[in-house]
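The values are calculated or read from the model by the stated rules, or taken from the named source; none is laboratory data. All of these numbers come straight from a predicted model, not from anything done at the bench. For neighbour counting, all protein chains shown are included, and Cβ atoms are generated from backbone atoms with ideal geometry for every residue, glycine included.
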Amino acid sequence: MIRPEFWNRKKVFITGHTGFKGSWLCHWLTHLGAEVYGYSLPAPSNPSLYEISGIGKLITSTEGDVRDGSQVLDALVQSDAEIVVHMAAQSLVRRSYKEPIETFTTNAIGTANVLNAIRQTPSVKAVVIVTSDKCYQNIEWVWGYRENDRLGGRDPYSASKACAEIVVSAFRNSFFEERKNDSVPAIASCRAGNVIGGGDWADDRLIPDILRSLLKNEPTLIRSPQATRPWQHVLEPLHGYLTLAERLFEVGHNYAEAWNFGPDEQSERTVGWIIDKIYELWSVDFDWVRDRNPGPAECTFLKLDSSKSKGRLGWRPKLDLPTALEWIVQWTRQYKDGADMREITLREIETYMALERKA
(Lines give C-alpha, C1' and ligand atoms only; values in the text may rest on other atoms or scores of the structure.)
Protein backbone atom coordinates (compact mmCIF):
# COMPACT_ATOMS: atom_id res chain seq x y z
CA MET A 1 0.00 0.00 0.00
CA ILE A 2 1.29 3.48 -0.89
CA ARG A 3 1.84 5.53 2.26
CA PRO A 4 1.11 9.27 1.94
CA GLU A 5 3.27 9.98 4.99
CA PHE A 6 6.29 8.51 3.20
CA TRP A 7 5.89 10.76 0.16
CA ASN A 8 5.03 13.95 2.02
CA ARG A 9 7.84 16.48 1.30
CA LYS A 10 9.99 13.89 -0.49
CA LYS A 11 11.97 15.41 -3.36
CA VAL A 12 11.30 13.39 -6.52
CA PHE A 13 13.01 13.92 -9.90
CA ILE A 14 11.00 12.64 -12.89
CA THR A 15 12.26 12.49 -16.45
CA GLY A 16 9.56 12.47 -19.11
CA HIS A 17 7.15 14.28 -16.80
CA THR A 18 5.30 15.97 -19.70
CA GLY A 19 4.27 12.63 -21.21
CA PHE A 20 1.11 10.67 -20.53
CA LYS A 21 2.40 8.42 -17.73
CA GLY A 22 4.68 11.15 -16.40
CA SER A 23 1.81 13.61 -16.06
CA TRP A 24 -0.32 11.08 -14.16
CA LEU A 25 2.64 10.40 -11.86
CA CYS A 26 3.15 14.12 -11.23
CA HIS A 27 -0.51 14.48 -10.25
CA TRP A 28 -0.30 11.52 -7.89
CA LEU A 29 2.92 12.66 -6.22
CA THR A 30 1.83 16.27 -5.72
CA HIS A 31 -1.42 14.93 -4.29
CA LEU A 32 0.68 12.96 -1.79
CA GLY A 33 2.62 16.08 -0.83
CA ALA A 34 5.88 15.39 -2.68
CA GLU A 35 8.09 18.08 -4.17
CA VAL A 36 8.31 17.16 -7.84
CA TYR A 37 11.09 18.22 -10.21
CA GLY A 38 10.52 17.37 -13.86
CA TYR A 39 12.99 17.13 -16.72
CA SER A 40 11.61 16.59 -20.22
CA LEU A 41 11.10 17.82 -23.72
CA PRO A 42 7.84 19.76 -24.28
CA ALA A 43 4.60 17.81 -24.11
CA PRO A 44 4.65 15.26 -26.96
CA SER A 45 1.08 15.80 -28.16
CA ASN A 46 -1.56 18.48 -28.60
CA PRO A 47 -3.72 18.28 -26.59
CA SER A 48 -1.72 16.80 -23.71
CA LEU A 49 -2.62 15.84 -20.18
CA TYR A 50 0.30 17.94 -18.97
CA GLU A 51 -1.14 21.13 -20.47
CA ILE A 52 -4.88 20.67 -20.02
CA SER A 53 -4.61 19.62 -16.37
CA GLY A 54 -2.24 22.42 -15.36
CA ILE A 55 0.18 20.14 -13.53
CA GLY A 56 3.13 22.26 -14.69
CA LYS A 57 2.03 25.01 -12.29
CA LEU A 58 2.51 22.72 -9.29
CA ILE A 59 6.00 21.38 -9.97
CA THR A 60 9.47 22.63 -10.88
CA SER A 61 9.94 21.89 -14.57
CA THR A 62 13.10 21.95 -16.69
CA GLU A 63 12.88 21.61 -20.46
CA GLY A 64 15.65 19.35 -21.67
CA ASP A 65 16.66 16.22 -23.57
CA VAL A 66 18.00 13.12 -21.80
CA ARG A 67 20.51 12.82 -24.64
CA ASP A 68 22.23 15.90 -23.18
CA GLY A 69 24.15 14.38 -20.27
CA SER A 70 25.47 17.66 -18.84
CA GLN A 71 22.01 19.24 -18.78
CA VAL A 72 20.54 16.16 -17.07
CA LEU A 73 23.26 16.37 -14.42
CA ASP A 74 22.71 20.10 -13.80
CA ALA A 75 18.96 19.64 -13.37
CA LEU A 76 19.33 16.64 -11.07
CA VAL A 77 21.95 18.29 -8.84
CA GLN A 78 19.85 21.44 -8.53
CA SER A 79 16.79 19.42 -7.49
CA ASP A 80 18.63 17.77 -4.57
CA ALA A 81 16.26 14.85 -5.20
CA GLU A 82 16.10 11.78 -3.00
CA ILE A 83 14.17 9.62 -5.49
CA VAL A 84 14.50 9.46 -9.28
CA VAL A 85 11.92 8.00 -11.67
CA HIS A 86 13.27 7.84 -15.22
CA MET A 87 10.41 7.71 -17.73
CA ALA A 88 11.68 9.82 -20.66
CA ALA A 89 11.63 7.76 -23.85
CA GLN A 90 10.79 7.47 -27.50
CA SER A 91 7.83 5.24 -26.76
CA LEU A 92 6.23 4.38 -30.11
CA VAL A 93 7.00 1.20 -32.06
CA ARG A 94 5.97 2.51 -35.48
CA ARG A 95 7.90 5.74 -35.02
CA SER A 96 11.01 3.69 -34.24
CA TYR A 97 10.99 2.38 -37.82
CA LYS A 98 11.09 5.95 -39.12
CA GLU A 99 13.56 7.27 -36.53
CA PRO A 100 15.70 4.33 -35.34
CA ILE A 101 18.75 6.40 -34.34
CA GLU A 102 16.68 8.80 -32.25
CA THR A 103 14.98 5.80 -30.65
CA PHE A 104 18.25 4.11 -29.66
CA THR A 105 19.95 7.30 -28.48
CA THR A 106 16.96 8.41 -26.41
CA ASN A 107 16.14 5.05 -24.86
CA ALA A 108 19.62 3.59 -24.37
CA ILE A 109 22.07 6.51 -24.25
CA GLY A 110 19.48 8.67 -22.48
CA THR A 111 19.19 6.03 -19.76
CA ALA A 112 22.98 5.91 -19.45
CA ASN A 113 23.08 9.72 -19.10
CA VAL A 114 20.51 9.64 -16.30
CA LEU A 115 22.40 6.90 -14.44
CA ASN A 116 25.69 8.72 -14.89
CA ALA A 117 24.12 11.88 -13.44
CA ILE A 118 22.87 9.87 -10.47
CA ARG A 119 26.44 8.72 -9.81
CA GLN A 120 27.36 12.38 -9.26
CA THR A 121 24.34 13.39 -7.15
CA PRO A 122 24.82 12.38 -3.48
CA SER A 123 21.24 13.18 -2.46
CA VAL A 124 19.74 10.31 -4.50
CA LYS A 125 18.85 7.17 -2.54
CA ALA A 126 16.37 5.29 -4.73
CA VAL A 127 15.99 5.03 -8.50
CA VAL A 128 13.21 3.51 -10.64
CA ILE A 129 14.07 3.10 -14.34
CA VAL A 130 10.98 2.50 -16.49
CA THR A 131 11.54 0.42 -19.62
CA SER A 132 8.87 -1.74 -21.32
CA ASP A 133 7.40 -5.22 -21.57
CA LYS A 134 8.78 -5.19 -25.13
CA CYS A 135 12.33 -5.55 -23.79
CA TYR A 136 11.87 -9.33 -23.89
CA GLN A 137 12.81 -11.49 -26.88
CA ASN A 138 9.21 -12.13 -27.86
CA ILE A 139 8.53 -15.56 -29.34
CA GLU A 140 4.78 -15.16 -28.72
CA TRP A 141 4.34 -18.06 -26.37
CA VAL A 142 1.14 -18.19 -24.32
CA TRP A 143 2.66 -17.82 -20.85
CA GLY A 144 4.08 -14.67 -19.32
CA TYR A 145 7.70 -13.56 -19.46
CA ARG A 146 9.56 -13.54 -16.18
CA GLU A 147 12.22 -11.04 -15.17
CA ASN A 148 15.06 -13.46 -15.89
CA ASP A 149 13.89 -14.35 -19.41
CA ARG A 150 15.96 -13.41 -22.42
CA LEU A 151 16.04 -9.77 -23.57
CA GLY A 152 15.79 -8.83 -27.23
CA GLY A 153 13.74 -7.08 -29.89
CA ARG A 154 12.81 -7.41 -33.57
CA ASP A 155 12.12 -3.71 -34.08
CA PRO A 156 14.16 -0.64 -33.07
CA TYR A 157 11.85 0.29 -30.19
CA SER A 158 11.88 -3.16 -28.57
CA ALA A 159 15.62 -3.56 -29.08
CA SER A 160 16.26 -0.10 -27.60
CA LYS A 161 14.36 -1.06 -24.46
CA ALA A 162 16.38 -4.27 -24.17
CA CYS A 163 19.48 -2.09 -24.50
CA ALA A 164 18.20 0.16 -21.72
CA GLU A 165 17.83 -2.86 -19.44
CA ILE A 166 21.40 -3.92 -20.21
CA VAL A 167 22.59 -0.37 -19.46
CA VAL A 168 20.81 -0.48 -16.08
CA SER A 169 22.40 -3.83 -15.22
CA ALA A 170 25.86 -2.65 -16.26
CA PHE A 171 25.65 0.55 -14.20
CA ARG A 172 24.22 -1.29 -11.21
CA ASN A 173 26.98 -3.89 -11.21
CA SER A 174 29.76 -1.41 -11.97
CA PHE A 175 28.84 1.60 -9.85
CA PHE A 176 25.84 0.95 -7.60
CA GLU A 177 26.50 -2.32 -5.81
CA GLU A 178 25.98 -2.14 -2.06
CA ARG A 179 29.26 -3.95 -1.37
CA LYS A 180 31.18 -1.17 -3.13
CA ASN A 181 29.69 1.59 -0.98
CA ASP A 182 26.84 1.31 1.51
CA SER A 183 25.63 4.81 0.62
CA VAL A 184 25.08 4.22 -3.12
CA PRO A 185 21.47 4.44 -4.33
CA ALA A 186 19.40 1.31 -4.94
CA ILE A 187 18.38 1.02 -8.62
CA ALA A 188 15.56 -1.07 -10.09
CA SER A 189 14.02 -1.36 -13.55
CA CYS A 190 10.30 -1.75 -14.26
CA ARG A 191 8.60 -3.43 -17.20
CA ALA A 192 4.99 -2.75 -18.13
CA GLY A 193 3.12 -2.34 -21.39
CA ASN A 194 -0.15 -1.49 -23.15
CA VAL A 195 -0.88 1.14 -20.54
CA ILE A 196 -4.15 3.00 -21.12
CA GLY A 197 -5.95 5.88 -19.46
CA GLY A 198 -7.53 9.28 -19.87
CA GLY A 199 -5.30 11.96 -21.35
CA ASP A 200 -3.26 9.78 -23.71
CA TRP A 201 -3.14 11.55 -27.08
CA ALA A 202 -0.11 9.80 -28.60
CA ASP A 203 -0.07 9.02 -32.31
CA ASP A 204 -0.30 5.42 -33.50
CA ARG A 205 -1.72 4.06 -30.25
CA LEU A 206 -5.04 2.25 -30.17
CA ILE A 207 -7.03 3.99 -27.44
CA PRO A 208 -5.99 7.54 -28.48
CA ASP A 209 -6.77 6.69 -32.11
CA ILE A 210 -10.25 5.48 -31.14
CA LEU A 211 -11.00 8.48 -28.95
CA ARG A 212 -9.75 11.00 -31.52
CA SER A 213 -12.07 9.51 -34.12
CA LEU A 214 -15.04 9.48 -31.73
CA LEU A 215 -14.48 13.12 -30.74
CA LYS A 216 -14.72 13.89 -34.47
CA ASN A 217 -17.70 11.53 -34.84
CA GLU A 218 -15.80 9.49 -37.42
CA PRO A 219 -15.14 5.72 -37.78
CA THR A 220 -11.78 4.47 -36.48
CA LEU A 221 -9.21 2.85 -38.74
CA ILE A 222 -8.03 -0.37 -37.05
CA ARG A 223 -4.83 -2.14 -38.15
CA SER A 224 -4.87 -5.55 -36.45
CA PRO A 225 -8.22 -6.36 -34.81
CA GLN A 226 -7.12 -9.95 -34.08
CA ALA A 227 -4.00 -8.94 -32.10
CA THR A 228 -4.25 -9.73 -28.38
CA ARG A 229 -2.77 -7.50 -25.68
CA PRO A 230 -2.79 -7.47 -21.86
CA TRP A 231 -4.31 -4.02 -21.22
CA GLN A 232 -3.96 -2.10 -17.94
CA HIS A 233 -4.97 1.29 -16.61
CA VAL A 234 -2.10 3.73 -16.12
CA LEU A 235 -2.61 3.83 -12.34
CA GLU A 236 -1.75 0.13 -12.06
CA PRO A 237 1.93 0.31 -13.08
CA LEU A 238 2.34 3.72 -11.41
CA HIS A 239 1.17 2.09 -8.20
CA GLY A 240 3.90 -0.50 -8.74
CA TYR A 241 6.58 2.14 -9.37
CA LEU A 242 5.68 4.05 -6.22
CA THR A 243 5.53 0.91 -4.09
CA LEU A 244 8.92 -0.19 -5.41
CA ALA A 245 10.44 3.26 -4.82
CA GLU A 246 9.36 3.12 -1.17
CA ARG A 247 11.05 -0.27 -0.73
CA LEU A 248 14.23 0.86 -2.49
CA PHE A 249 14.41 3.93 -0.26
CA GLU A 250 13.75 2.14 3.02
CA VAL A 251 15.15 -1.38 2.47
CA GLY A 252 17.59 -0.66 -0.31
CA HIS A 253 19.45 -3.13 -2.44
CA ASN A 254 17.28 -6.15 -1.63
CA TYR A 255 14.91 -4.72 -4.26
CA ALA A 256 17.51 -3.42 -6.74
CA GLU A 257 16.57 -5.65 -9.67
CA ALA A 258 14.05 -5.94 -12.53
CA TRP A 259 10.28 -6.02 -11.89
CA ASN A 260 7.24 -6.81 -14.05
CA PHE A 261 3.93 -5.00 -13.58
CA GLY A 262 1.31 -6.56 -15.83
CA PRO A 263 -2.47 -7.10 -15.64
CA ASP A 264 -4.29 -10.30 -14.75
CA GLU A 265 -5.24 -12.76 -17.49
CA GLN A 266 -8.84 -11.52 -17.79
CA SER A 267 -7.44 -8.27 -19.17
CA GLU A 268 -5.98 -10.04 -22.20
CA ARG A 269 -8.32 -9.01 -25.01
CA THR A 270 -8.12 -8.50 -28.75
CA VAL A 271 -7.96 -5.08 -30.37
CA GLY A 272 -11.37 -5.84 -31.90
CA TRP A 273 -12.89 -6.48 -28.46
CA ILE A 274 -11.46 -3.19 -27.15
CA ILE A 275 -12.89 -1.05 -29.91
CA ASP A 276 -16.29 -2.77 -29.73
CA LYS A 277 -16.42 -2.10 -25.97
CA ILE A 278 -15.44 1.56 -26.33
CA TYR A 279 -17.98 2.03 -29.13
CA GLU A 280 -20.61 0.52 -26.84
CA LEU A 281 -19.66 2.84 -23.97
CA TRP A 282 -19.63 5.87 -26.30
CA SER A 283 -22.99 4.82 -27.85
CA VAL A 284 -21.99 5.32 -31.48
CA ASP A 285 -24.24 4.33 -34.38
CA PHE A 286 -21.54 3.43 -36.92
CA ASP A 287 -18.85 0.73 -37.25
CA TRP A 288 -15.08 0.93 -37.23
CA VAL A 289 -13.12 0.33 -40.44
CA ARG A 290 -10.29 -2.15 -41.18
CA ASP A 291 -7.08 -0.38 -42.21
CA ARG A 292 -5.88 -1.95 -45.48
CA ASN A 293 -2.39 -0.48 -45.01
CA PRO A 294 -1.35 -1.70 -41.54
CA GLY A 295 2.33 -0.78 -41.90
CA PRO A 296 5.26 -2.66 -40.30
CA ALA A 297 4.61 -5.97 -38.59
CA GLU A 298 3.88 -5.86 -34.86
CA CYS A 299 3.72 -8.67 -32.30
CA THR A 300 0.33 -10.32 -31.92
CA PHE A 301 0.76 -11.50 -28.33
CA LEU A 302 2.96 -10.58 -25.37
CA LYS A 303 2.25 -10.94 -21.67
CA LEU A 304 4.12 -10.56 -18.39
CA ASP A 305 4.37 -12.82 -15.37
CA SER A 306 4.06 -10.48 -12.39
CA SER A 307 4.31 -13.17 -9.72
CA LYS A 308 7.42 -11.61 -8.18
CA SER A 309 5.79 -8.19 -7.79
CA LYS A 310 2.71 -9.77 -6.26
CA GLY A 311 4.68 -11.97 -3.87
CA ARG A 312 7.45 -9.62 -2.74
CA LEU A 313 5.89 -6.18 -3.11
CA GLY A 314 2.27 -7.07 -2.38
CA TRP A 315 1.31 -5.31 -5.63
CA ARG A 316 -1.83 -6.44 -7.43
CA PRO A 317 -4.01 -4.94 -10.18
CA LYS A 318 -7.13 -3.26 -8.81
CA LEU A 319 -9.14 -2.49 -11.97
CA ASP A 320 -10.65 -5.01 -14.36
CA LEU A 321 -10.55 -4.07 -18.03
CA PRO A 322 -14.25 -3.06 -18.44
CA THR A 323 -13.86 -0.68 -15.48
CA ALA A 324 -10.64 0.77 -16.91
CA LEU A 325 -12.37 1.45 -20.23
CA GLU A 326 -15.34 3.03 -18.44
CA TRP A 327 -12.96 5.37 -16.60
CA ILE A 328 -11.27 6.35 -19.86
CA VAL A 329 -14.54 7.08 -21.64
CA GLN A 330 -15.82 9.10 -18.66
CA TRP A 331 -12.54 11.05 -18.44
CA THR A 332 -12.67 11.85 -22.16
CA ARG A 333 -16.32 12.90 -22.09
CA GLN A 334 -15.56 15.29 -19.22
CA TYR A 335 -12.65 16.71 -21.17
CA LYS A 336 -14.98 17.20 -24.15
CA ASP A 337 -17.43 19.03 -21.86
CA GLY A 338 -14.75 21.45 -20.62
CA ALA A 339 -14.36 20.11 -17.06
CA ASP A 340 -11.44 20.89 -14.74
CA MET A 341 -9.17 18.03 -15.78
CA ARG A 342 -6.88 18.23 -12.76
CA GLU A 343 -9.93 17.74 -10.56
CA ILE A 344 -11.14 14.83 -12.70
CA THR A 345 -7.68 13.23 -12.73
CA LEU A 346 -7.30 13.55 -8.95
CA ARG A 347 -10.75 12.09 -8.46
CA GLU A 348 -9.68 8.94 -10.32
CA ILE A 349 -6.48 8.75 -8.27
CA GLU A 350 -8.44 9.07 -5.02
CA THR A 351 -10.90 6.39 -6.14
CA TYR A 352 -8.02 4.08 -7.01
CA MET A 353 -6.33 4.70 -3.63
CA ALA A 354 -9.61 3.85 -1.89
CA LEU A 355 -9.69 0.54 -3.78
CA GLU A 356 -6.10 -0.07 -2.72
CA ARG A 357 -6.94 0.49 0.95
CA LYS A 358 -9.81 -2.01 0.75
CA ALA A 359 -7.67 -4.71 -0.88
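Taking region 172-230 as the range and being within 30 Å of ILE349 (Cα to Cα), of a type in the set (Gly, Ala, Ser) and modelled with pLDDT of 90 or more as the test, the residues that pass are ALA186, ALA188, SER189, ALA192, GLY197, GLY198, GLY199, ALA202, SER213. All conditions in (1) surrounded by fewer than 16 Cβ atoms within 10 Å (Cβ to Cβ); (2) touching a residue at least 24 places away in the same chain (Cβ under 8 Å) hold for ASN293, with the sole exception of (2).
Only residues that are within 25 Å of HIS27 (Cβ to Cβ) and either charged (D, E, K, R) or assigned to a helix (DSSP H, G or I) (or both) were counted in region 173-202, giving 2.
Among the residues of region 244-291, those identified as part of a loop (DSSP other than H, G, I, E, B) and over 21 Å from LYS10 (Cα atoms) are GLU257, PHE261, GLY262, PRO263, ASP264, SER283, VAL284, ASP285, PHE286, ASP287, TRP288, ASP291.
Residues that are outside any helix (DSSP H, G or I), basic (Lys, Arg) and at pLDDT 95 or above occur in region 317-330; there is at least one.
In region 2-14, the residues that are in a loop (DSSP other than H, G, I, E, B) form Cβ pairs under 9 Å with partners that are among the charged types (D, E, K, R), at six or more places apart or across chains, as follows: ILE2/GLU246; ILE2/GLU356; ARG3/GLU246; ARG9/GLU35; LYS10/GLU35; LYS10/GLU82. Within region 55-74, the residues that satisfy the criterion of being among the β-branched types (Val, Ile, Thr) and free of Cβ contacts under 8 Å to residues at least 40 places away in the same chain are THR60, THR62. Candidates in region 1-20 are the residues that are of a type outside the set (A, V, I, L, M, F, W, C) and under 23 Å from ARG312 (Cβ atoms); of these, the one that is surrounded by the most Cβ atoms within 10 Å (Cβ to Cβ) is LYS10. Would you say ALA170 is surrounded by fewer than 19 Cβ atoms within 10 Å (Cβ to Cβ), part of a helix (DSSP H, G or I) and either in contact (Cβ under 8 Å) with a residue 24 or more places away in the chain or not basic (Lys, Arg) (or both)? It is true that ALA170 is surrounded by fewer than 19 Cβ atoms within 10 Å (Cβ to Cβ), part of a helix (DSSP H, G or I) and either in contact (Cβ under 8 Å) with a residue 24 or more places away in the chain or not basic (Lys, Arg) (or both).
Against the test of being of a type in the set (A, V, I, L, M, F, W, C), outside any helix (DSSP H, G or I), surrounded by fewer than 21 Cβ atoms within 10 Å (Cβ to Cβ) and at negative phi, the options VAL142, VAL128 yield a single qualifying residue, VAL142. Only residues that are aliphatic (A, V, I, L, M) and not in a loop (DSSP other than H, G, I, E, B) were counted across region 82-104, and they come to 5.
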